[in-house]
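Written out below as structure tokens is the structure these notes cover.
The values are calculated or read from the model by the stated rules, or taken from the named source; none is laboratory data. All values reported here derive from a predicted model rather than from experimental measurement. Note that each Cβ is placed from the backbone with ideal geometry, even for glycine, and that neighbours are counted across all protein chains shown. When the accessible area is computed, the model is the full protein with side chains, heavy atoms only, and any ligands, DNA or RNA have been set aside. Shrake-Rupley method; radii C 1.70, N 1.55, O 1.52, S 1.80 Å.
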Amino acid sequence: MQLHSNDPTWRTALSGAQILFVAFGATVLVPLLTGLDPSLALLGAGIGTLIFQFCTKREVPIYLGSSFAFIAPIIYSAKTWGMPATFGALAAASLFYYIAAALVKWRGVDFIHRLLPPVVIGPVVMVIGLGLAEVAVEMATGKAGGEQVLPYGESLAVATIALVATMLTAIRARRLLKLVPILVGVAVGYVASLFFGFVDFSKVANAPWLAMPQFGAPEFNLAAILFMIPVAIAPIVEHVGGILAIGSVVGKDFTEKPGLHRTLLGDGLAVNVVGLFGGPPVTTYGEVTGAVMLTRNYNPAIMTWAACFAILMAFVGKFGAFLQTIPMPAMGGIMVLLFGSIAGIGLKTILDAKVDLMDPRNLCIVSVTLVTGIGGLGVTIGTFSLQGISLCGVLAVLLNLILPRAEAQRVRGAG
């Protein structure tokens, strides 16, 4: 099928609905885990995708959904500085996208790869995945803020059922079902929760059919902003990988046309706008690329339809209320796999690049990044503060720039 298809409108719209279905589980999972409004996540995904399409002249069949990389930072920032400051910090995280877009435009794609090689990206992504492992276990066992709010045994049972359903779907399912293991896991966990009496439908009954999402009012706190901006390193790398992946599926080099600087700008603007009204940051979705590969429908118009459907769903009040009835243990079971999977992607980055961990330089970068990130090391000078993920990200970049390379590496770099 060609990039711009001549399919009838109804078929393109149906394909768009399918894309939204594929991306739905992950899109609403992020706000459910971080305390944000799921309706705003749908609205943000829709608006963000349309902004991306505008910046890229609607040439790339990409859908933007909620970014997992920001889950741990959002939870930490909300506890430390409050939700309004977190909204402002998320909007400010787009600054890194603008810098990356400008650098790509100025120096080319290779500059980003030199600044952020696998020895930097791998451990930072691993920290993002493992940084809230304790929170995942607490939710899976019915705890919130250290307090046991649901029975331990029943909570663990629900979490286990949801986790097993997700794993079996990811491993054994075929075709379209294989693309939505998280959605299947949440659904099975939800059904199990009904038997244990964990579900309260009163919110759904009291919610109107049509309702405005609960927009957030951002505040700009310098400490929160400085904490959040470096977190964007990981989704920027994910963005570059996503653009290369969809390009290989379609058979077109999107880093050349419309250009990686345009795709980064589109993603950054989307993160900026979505953060200003209180939604989770958005990023390119690998599961959507998988759906495009499976269906062989490369028409970017299907992403326009998916975005429009997402925006419409954001204003269905009962739907948003229903999402908020999903019990904590069901989400905790998913988080156990999700955070581990993110860490696994970081490890895969190191393995795929064949990073030599017997090299003392590489071992120093990876070791310091992992321990400072997972250990939650913080540095505060006056109002300036870097902690956890943001600090380890900065350290990884700095160590890669200043640590001396072995003689053989210098010779290869010069050649």
What do you reckon, is residue 40 under 16 Å from the mean Cα position of the chain (by Cα), more than 16 Å from residue 268 (Cα to Cα) and either of a type in the set (S, T, N, Q) or open to solvent by 10 Å² or more (accessible area, probe 1.4 Å) (or both)?
no
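From the list 272, 299, which residue is in contact (Cβ under 8 Å) with a residue 60 or more places away in the chain and either farther than 24 Å from residue 91 by Cβ or open to solvent by less than 10 Å² (accessible area, probe 1.4 Å) (or both)? It would help to see each step written out before you state the result.
Details: 272 fails: either farther than 24 Å from residue 91 by Cβ or open to solvent by less than 10 Å² (accessible area, probe 1.4 Å) (or both).
Only one candidate passes the filter, namely 299.
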Which condition number in (1) of a type in the set (A, V, I, L, M, F, W, C); (2) open to solvent by 80 Å² or more (accessible area, probe 1.4 Å); (3) part of a helix (DSSP H, G or I) is the one that residue 212 fails?
(3)
Name the residue, out of 189, 197, that is surrounded by 21 or more Cβ atoms within 10 Å (Cβ to Cβ) and over 29 Å from residue 92 (Cβ atoms).
189
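Would you mind finding the one in 269, 226 that is under 21 Å from residue 71 (Cα atoms) and touching a Cys at 6+ places or on another chain (Cβ under 7 Å)? Explain how you work it out, then say what you get.
Numbers: 226 fails: touching a Cys at 6+ places or on another chain (Cβ under 7 Å).
Just one listed residue meets the conditions, 269.
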Being outside any helix (DSSP H, G or I) and either touching a Pro at 6+ places or on another chain (Cβ under 7 Å) or open to solvent by 50 Å² or more (accessible area, probe 1.4 Å) (or both) is the filter here, so list the residues in the stretch 47-90 that pass it.
56, 57, 58, 59, 60, 61, 66, 67
Which ones in the stretch 47-59 are at pLDDT below 95 and among the aliphatic types (A, V, I, L, M)?
none
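Taking the stretch 109-131, which residues are under 15 Å from residue 390 (Cα atoms) and either assigned to a loop (DSSP other than H, G, I, E, B) or open to solvent by 50 Å² or more (accessible area, probe 1.4 Å) (or both)? Walk me through how you get there before you give the answer.
Within the stretch 109-131, the first condition is being under 15 Å from residue 390 (Cα atoms), and the residues that meet it are 116, 120-131.
116, 130, 131 - these are the residues of the stretch 109-131 that are under 15 Å from residue 390 (Cα atoms) and either assigned to a loop (DSSP other than H, G, I, E, B) or open to solvent by 50 Å² or more (accessible area, probe 1.4 Å) (or both).
Looking only at the stretch 215-224, which residues are in a helix (DSSP H, G or I) and surrounded by 20 or more Cβ atoms within 10 Å (Cβ to Cβ)? Break it down stepwise before answering.
Of the stretch 215-224, the ones in a helix (DSSP H, G or I) are 222-224.
Of everything in the stretch 215-224, just one residue is in a helix (DSSP H, G or I) and surrounded by 20 or more Cβ atoms within 10 Å (Cβ to Cβ), namely 224.
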Would you confirm, using the coordinates I've provided, whether residue 295 is touching a strand residue (DSSP E or B) at 6+ places or on another chain (Cβ under 8 Å) and farther than 30 Å from residue 141 by Cβ?
no
Given the criteria aliphatic (A, V, I, L, M), over 25 Å from residue 39 (Cα atoms) and modelled with pLDDT of 90 or more, does residue 165 qualify?
yes
Anything in the stretch 330-371 that is open to solvent by 70 Å² or more (accessible area, probe 1.4 Å), within 17 Å of residue 118 (Cα to Cα) and either of a type in the set (Gly, Ala, Ser) or under 24 Å from the mean Cα position of the chain (by Cα) (or both)? List them, or say none.
345, 347, 348, 351, 352
For residues that are closer than 14 Å to residue 337 by Cα and exposed (fewer than 15 other Cβ atoms within 10 Å of the Cβ), scanning just the stretch 168-186, find the one that is modelled with the highest pLDDT.
168
Let me spell it out: the conditions are (1) modelled with pLDDT of 85 or more; (2) open to solvent by less than 30 Å² (accessible area, probe 1.4 Å); (3) within 25 Å of residue 114 (Cβ to Cβ); (4) of a type outside the set (A, V, I, L, M), and residue 257 meets all of them except one. Which number is the exception?
(2)
